[in-house]
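Asker: Quick one: the structure is below, questions incoming.
The values are calculated or read from the model by the stated rules, or taken from the named source; none is laboratory data. Worth saying up front: this structure is predicted, and the values here are computed from it rather than measured. Methodologically, a virtual Cβ is constructed for each residue, glycine included, from the backbone with ideal geometry; neighbour enumeration extends over all protein chains shown.
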């Protein structure tokens, strides 16, 4: 049954944290064409040509640590010219989760690890989240002229513009 409040992830790869252990396991993920199309729709970009990740997951009774690398190629829309452009992403990341619930919810420590409940961790969803964080918020094609520069009407110059500043203002000629 499809739950509108919790839609199915575009790219899912769930692992059981209890099977990982302190030494950790390495996971290699690659989104297929159908998954990449859904990810592109979610991220509101024309297309995702490539999304791959290598993640190492280590877990104890109280913490989960995920370290990894993401590589991606996306078609983006230039913010200046609206032309399509390629954005390439190659970044490392690390995330920590706590399996211990926070003591109070009044003051949220932004540096504290996110609370993780349960045993299933979706590495595919984590990879999509890392992609969204790594994307340029204002992609601009090299050398792109803005549409305003290209199509804006030419500024009309007054024939008296040359006199501006030459004549001083007084109370008589305001």
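Asker: Which residue, of 97, 93, is modelled with pLDDT under 95, over 30 Å from residue 144 (Cα atoms) and in a strand (DSSP E or B)?
Answerer: Numbers: 93 fails: modelled with pLDDT under 95.
Just a single option satisfies the conditions, and that option is 97.
Asker: If you scan the range 119-139, which residues turn out to be under 17 Å from residue 96 (Cβ atoms), out of contact with any strand residue (DSSP E or B) (no Cβ under 6 Å at 6 or more places or on another chain) and touching a residue at least 60 places away in the same chain (Cβ under 8 Å)?
Answerer: If the condition is that a residue be under 17 Å from residue 96 (Cβ atoms), out of contact with any strand residue (DSSP E or B) (no Cβ under 6 Å at 6 or more places or on another chain) and touching a residue at least 60 places away in the same chain (Cβ under 8 Å), then 125, 126 are the ones that fit.
Asker: Looking only at residues that are more than 18 Å from residue 95 (Cβ to Cβ) and buried (at least 17 other Cβ atoms within 10 Å of the Cβ) in the range 48-78, which one is farthest from the chain's Cα centre (by Cα)?
Answerer: Here the answer is 78.
Asker: Tell me, yes or no, whether the range 79-86 has at least one residue that is closer than 22 Å to residue 8 by Cβ, free of Cβ contacts under 8 Å to residues at least 60 places away in the same chain, under 18 Å from the mean Cα position of the chain (by Cα) and surrounded by fewer than 17 Cβ atoms within 10 Å (Cβ to Cβ). Walk me through how you get there before you give the answer.
Answerer: Within the range 79-86, the first condition is being closer than 22 Å to residue 8 by Cβ, and the residues that meet it are none.
No, there is no match, as no residue in the range 79-86 is closer than 22 Å to residue 8 by Cβ, free of Cβ contacts under 8 Å to residues at least 60 places away in the same chain, under 18 Å from the mean Cα position of the chain (by Cα) and surrounded by fewer than 17 Cβ atoms within 10 Å (Cβ to Cβ).
Asker: If I ask for residues that are under 15 Å from residue 12 (Cβ atoms) and either in contact with a strand residue (DSSP E or B) (Cβ under 6 Å, 6 or more places away or on another chain) or without any contact (Cβ under 8 Å) to a residue 12 or more places away in the chain (or both), which ones from the range 38-65 would you list?
Answerer: Step one: filter the range 38-65 for residues under 15 Å from residue 12 (Cβ atoms), giving 38-39, 42, 51, 53, 55.
39, 51, 53, 55 - these are the residues of the range 38-65 that are under 15 Å from residue 12 (Cβ atoms) and either in contact with a strand residue (DSSP E or B) (Cβ under 6 Å, 6 or more places away or on another chain) or without any contact (Cβ under 8 Å) to a residue 12 or more places away in the chain (or both).
Asker: Turning to a different aspect of this structure: Among the numbered criteria (1) under 21 Å from residue 134 (Cα atoms); (2) modelled with pLDDT of 90 or more; (3) outside any helix (DSSP H, G or I), which single criterion is violated by residue 111?
Answerer: So residue 111 meets the others, but not (2).
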